[in-house]
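Asks: The structure is given below, and queries will be raised subsequently.
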Amino acid sequence: MLLSTVGEFKVVKHIKDIFVEYTRMRTNGMDAKAVLNVLRPHVESLSKADREQLAGMIRDHESKSSTGTYPVVRDVPPPAAQAAAPSPPAAPAASSRIQPLKPLTPPTQAAEPAHQAAAPQPASATAPAEADEVIWINCPHCSKTNQRHEVFCYACGQLLEPVKGAYDTRLLSEKTVEPLDSEFFGPESVLVLRVRGSTETFESRPQQSDHEIIIGRSTKGSVLAPDIDLSNKQATDLGVSRLHLSISYDAPHSAVLIADLGSANGSFLNGQRMMAREVRVLRHGDELRLGKLVLMASFRHPGKPTA
């Protein structure tokens, strides 16, 4: 029984951790879908019931924040308390806990009666309807109908938006040239980050990752573990957030991209502060500061002679 209680507490804490990071990044100016793309690996590791619970909390937060009233983060009731709740009907408007913020009835295939179809519509009534036309999509997991702008499926809590392509840069019609120096970051290159004043390095290949690489610090018992963990580099004392900065790869332009994740103490590239979710190009020799912790960036090219 004690094990079961501890297990429930652990799941609840994980949901709360994700929700706290979501609200922090939203408060610091990041777009909701951009935040969910960063948190997607952690959200997808949750069970169906936990995703539904998290989706309800996020929708409740967004609803209240639109009126300027942010909810206070409290302990989340364990998913077992919701196990007996009836499953939502097929229509999105009937969902009790994770229904969309503006529930609308999806268009049906049933034909209107003849006398209703022939009834004239006032011009003032038809114009707004066309302007507010809603696009509906099916959830790839449970096939339930959702509004196109939704991020979570109202029925099963599945994330609807794809990760890849969200921040892709359109390929320009430029002539490909051979790289002449270490500035080029190709398919085989390695990104090396070294903490200033230390010989220890962190190596990664963002071009081979299926998600954004996150730099930050881990905390005991939290599910939000960054890919590059700076906790043993005095990250807490130096003001590094748990999810501080993201690294991604722009394949069409052979570039390493970085973006601040709404961190508490900010990110700085060569001394210049980055705005939340502002995308910058990271180059060989750049200085990257997270709070007060400084990282030196360099590119390594296996198989090629170094200068």
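Asks: Which FRET efficiency, nearest 0.05, do ASN232 and ARG148 yield, Cβ-Cβ r, R0 45 Å? List each step's numbers first, then the result.
Replies: On the way: r = 44 Å, r/R0 = 0.98.
E between ASN232 and ARG148, to the nearest 0.05, is 0.55.
Asks: Among the GluC sites (Glu not before Pro) in region 201-307, which ones are in a DSSP loop with at most 16 other Cβ atoms within 10 Å of the Cβ? Mind listing them? It would help to have the intermediate numbers written out before the result.
Replies: Working: sites: GLU203, GLU212, GLU278, GLU287; in loops: GLU212, GLU278.
Sites meeting the loop and neighbour criteria: GLU278.
Asks: Give me the one-decimal nm value for the distance between modelled label points at LYS64 and TRP136, 7 Å along each residue's Cα-to-Cβ direction.
Replies: Distance between label points: 3.2 nm.
Asks: Quick one: if you stick a label point 7 Å off each Cα along the C-beta vector at ARG273 and ALA32, how many nm between them?
Replies: Each label point is offset 7 Å from its Cα along the Cβ direction, giving 2.8 nm.
Asks: With 10 angstrom as the radius, rank ASP286, ASP210 by how many other C-beta atoms surround their C-beta, starting from the fewest.
Replies: Values: ASP286 16, ASP210 7.
Ordered by Cβ neighbours within 10 Å, fewest first: ASP210, ASP286.
Asks: Set the bar at 24 Å for Cα to Cα. Now go through LYS33/LYS144; LYS13/LYS64; LYS13/LYS48; LYS16/LYS144; LYS48/LYS144 and name every pair that lies beyond it. Intermediate results must be reported in sequence, preceding the final value.
Replies: Values: LYS33/LYS144 20 Å; LYS13/LYS64 22 Å; LYS13/LYS48 16 Å; LYS16/LYS144 27 Å; LYS48/LYS144 15 Å.
Check vs 24 Å cut-off fails for LYS16/LYS144.
Read the figures in this text as sums done on the coordinates, not as results from a lab. Fair warning: this is a prediction, and the values are worked out from it, not measured in the lab. Ideal geometry is used to build each Cβ from the backbone, glycine not excepted, and the neighbour counts take in all protein chains shown.
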